[in-house]
Amino acid sequence: MDSAFLTIFLVSTFEVCSSHTGIADWEDAMVVREGVPTTLVCTDRSVRGAVAINWRVKSLGVDEWKLVLSASEKEKFSGGASKASMQLTDPNFQDTGVFSLSLLPRKEDSGLYSCLIRQRERKVKEKIILLAVLTVTVAPAAPVPLRCTLRLTASVNPSYAVTKIAWAAPGGISMKSVKIKNTGSVAKVPQVQSSDDGAYVCTVRLWGNSSHTPFAFHVNVIVDDKVASFTNITHEPGIFSATRAQTPFLLTCPGVRGDYVRLYWVPPDSKTHSDMKRVYMNDCWGGSTYSADPGKRLQLAGPPYDAESGSFTFLLSPELKDGGLYLCEVFLNDVAYSRSTTLSVLKVKTRQSSSMLELVCLYSERSQVKRANWKYQNKTRQLSLISNSPGSISTILPLPITPDTAGNYTCSIQLENGQTATATQVVQLPHEPGRDVEGVIVTTPSLLPSLSALLLLVPLVAAAVFVLLWRQKRISDRGIEQSLSVYSGEAENVYENPDDIRQQAPPQGSVYMDLKPRGEDDVYKELER
């Protein structure tokens with residue numbers, strides 16, 4: 001096993017070294033665009049007279065040289081590797097010293113080319129040139145429709161000769177490009193706009209050519225004024241789910257690696273989709289991102305998902321109002337993929353009065369909720385349920401909370417597809433510390449404020465009693481004087497006007513005394529008593 005692995009490793013190493021050795025054997029290298037007339041330059045001004053020129057080629061994966069053409073001052077003939085487009089640029093090469101070869105290169109014409117100059121059967125000069133052929137494709141074909149995905153693909157043959165392929169947009173703006181196995185490099189412009197019209201530049205750098213300027217090629221792109229229509233849409237099965245408020249929830253997108261993603265949202269319990277709005281957009285090629293959520297409740301999910309490579313999924317930490325229908329669309333070239341998620345959000349809260357505690361369970365996107373219920377931790381205890389409005393169910397607890405009513409109360413909803421979601425409200429006794437996020441401590445009003453208020457009222461009550469007693473005594477005295485005045489026939493009265501006496505009701509609590517005097521002393525004694 002070890003020897004076999006060593007053999008494979010040595011063979012691979014030999015092949016790599018051989019390849020790099022072949023790369024290092026050329027004197028000159030050039031990259032040409034496929035189908036564009038090209039000249040392989042070979043000159044020697046010092047050679048004149050009876051000279052002969054031989055052009056040969058060694059294609060990829062071939063160890064032998066093949067003759068392209070041979071020429072002298074007397075004769076000229078083509079070899080087996082020759083093509084119609086391959087010609088000497090100067091028929092008078094014996095006078096000018098220009099032995100260059102012109103051709104219209106195709107992808108298969110790449111390889112090593114040898115320019116061999118002979119004079120009197122003696123080798124005067126040989127120049128080895130590496131010819132690399134660049135193939136560029138632009139899709140869709142010109143003119144490019146608006147809002148489509150522009151694809152710029154570049155490949156070089158032989159691929160081992162290239163160290164880097166890069167793209168730049170009009171204005172020299174660098175573009176993200178990705179290597180594609182066996183096909184080179186691709187750069188994309190999703191959702192093309194009119195401003196994307198212009199000249200794009202593809203630059204290629206070869207091995208051993210780091211000190212030279214990279215080869216640059218201009219690619220003109222014309223943008224149409226017509227808008228692209230995406231008729232090829234793949235709809236993946238929808239998702240129906242529920243979650244508790246403020247609990248992270250994955251909004252799953254179609255399982256393809258795309259160029260960009262758009263997320264739409266229809267608010268919960270909407271009767272139509274007319275109020276659908278775009279809430280998120282991400283372009284993995286240009287790095288642009290749009291989000292309608294300033295609170296960051298909605299964001300792209302992290303590993304194992306990777307938006308930069310086109311693997312899209314969202315992470316939502318919803319509030320009650322964030323339920324509803326979510327539609328995720330992923331676009332790859334001219335194909336769209338769609339997946340919807342219908343989400344119900346569940347939330348519990350409490351309302352407290354002086355005599356009761358109401359546990360309220362709220363849920364959104366009611367269209368997919370089959371039933372809702374409250375349950376106590378002691379399952380044998382049945383709870384009374386009320387519903388004050390759609391999407392709400394409550395149960396009432398009397399105050400004060402006792403050990404029999406304290407504990408965990410769970411609200412659960414069941415969807416039409418059988419899926420359930422729960423949220424728990426913890427009700428604690430007054431003396432217990434409340435740590436649970438959804439817990440509530442019901443406190444009994446303290447007696448100290450009432451006692452303080454009573455203590456403050458004592459002086460006021462005493463003062464009121466004193467005033468009442470004083471008024472009663474005074475009225476009693478008036479009654480005695482009145483009786484005495486009647487008995488003695490005096491006209492004097494405590495009222496200024498005697499008619500007032502008739503208009504006034506007898507004072508409550510007054511004492512009328514019918515004294516029969518037996519003597520002066522007796523009357524005063526009785527009065528003193």
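The values are calculated or read from the model by the stated rules, or taken from the named source; none is laboratory data. It should be emphasised that the depicted structure is a prediction, and the values quoted were computed from it without experimental measurement. Cβ atoms come from the backbone with ideal geometry, glycine included; neighbour counts cover every protein chain shown. The protein model used for the area step is the full one, side chains on, heavy atoms only, and it has no ligands, DNA or RNA in it. Shrake-Rupley method; radii C 1.70, N 1.55, O 1.52, S 1.80 Å.
Data table
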{"quantity": "Filter result (open to solvent by less than 50 Å² (accessible area, probe 1.4 Å), more than 21 Å from THR149 (Cα to Cα) and part of a strand (DSSP E or B)) within the range 314-331", "calculated": "PHE314, LEU316, GLY324, LEU325, TYR326"}
{"quantity": "In the range 259-273, residue most open to solvent (accessible area, probe 1.4 Å) [restricted to those that are in contact with a Leu (Cβ under 9 Å, 6 or more places away or on another chain) and part of a loop (DSSP other than H, G, I, E, B)]", "calculated": "HIS273"}
{"quantity": "Strands (runs of 3 or more DSSP E) contained entirely in the range 78-181, each with at least 1 residues that are hydroxyl-bearing (Ser, Thr, Tyr), within 22 Å of LEU206 (Cβ to Cβ) and within 46 Å of the chain's Cα centre (by Cα)", "calculated": "122-139, 150-157, 162-169, 177-180"}
{"quantity": "So ALA228, is it touching a Lys or Arg at 6+ places or on another chain (Cβ under 6 Å) and surrounded by 14 or more Cβ atoms within 10 Å (Cβ to Cβ)", "calculated": "yes"}
{"quantity": "Residues of the range 140-159 satisfying the condition of being surrounded by 16 or more Cβ atoms within 10 Å (Cβ to Cβ) and not polar (S, T, N, Q)", "calculated": "PRO140, VAL144, PRO145, LEU146, CYS148, LEU150, ARG151, LEU152, ALA154, VAL156, PRO158"}
{"quantity": "Tally, over the range 94-134, of residues that are open to solvent by 30 Å² or more (accessible area, probe 1.4 Å) and under 24 Å from ASN220 (Cβ atoms)", "calculated": "3"}
{"quantity": "Scope the range 409-435; condition over 27 Å from ILE239 (Cβ atoms) and either modelled with pLDDT under 95 or among the β-branched types (Val, Ile, Thr) (or both); matching residues", "calculated": "VAL426, VAL427, GLN428, LEU429, PRO430, HIS431, GLU432, PRO433, GLY434, ARG435"}
{"quantity": "Residues (more than 16 Å from LYS321 (Cβ to Cβ) and outside any strand (DSSP E or B)) located in the range 347-369", "calculated": "SER353, SER354, SER355, GLN368"}
{"quantity": "Boolean, TRP65 is surrounded by 15 or more Cβ atoms within 10 Å (Cβ to Cβ), within 14 Å of SER114 (Cβ to Cβ) and under 59 Å from the mean Cα position of the chain (by Cα)", "calculated": "yes"}
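Each row is one residue, and each column tells you yes or no for (1) open to solvent by less than 40 Å² (accessible area, probe 1.4 Å); (2) closer than 30 Å to PRO268 by Cβ.
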| position | (1), (2) |
| --- | --- |
| ASN182 | no, no |
| LYS188 | yes, no |
| VAL201 | yes, no |
| ARG205 | no, no |
| PHE240 | no, yes |
| THR243 | yes, yes |
| PRO248 | no, yes |
| CYS253 | yes, yes |
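Yes/no matrix, rows are residues, columns are (1) open to solvent by 60 Å² or more (accessible area, probe 1.4 Å); (2) closer than 26 Å to GLN191 by Cα:
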| position | (1), (2) |
| --- | --- |
| ASP275 | yes, yes |
| MET281 | no, yes |
| TRP285 | no, yes |
| TYR305 | yes, yes |
| PHE312 | no, yes |
| ASN333 | no, yes |
| ARG351 | yes, no |
| GLN368 | no, no |
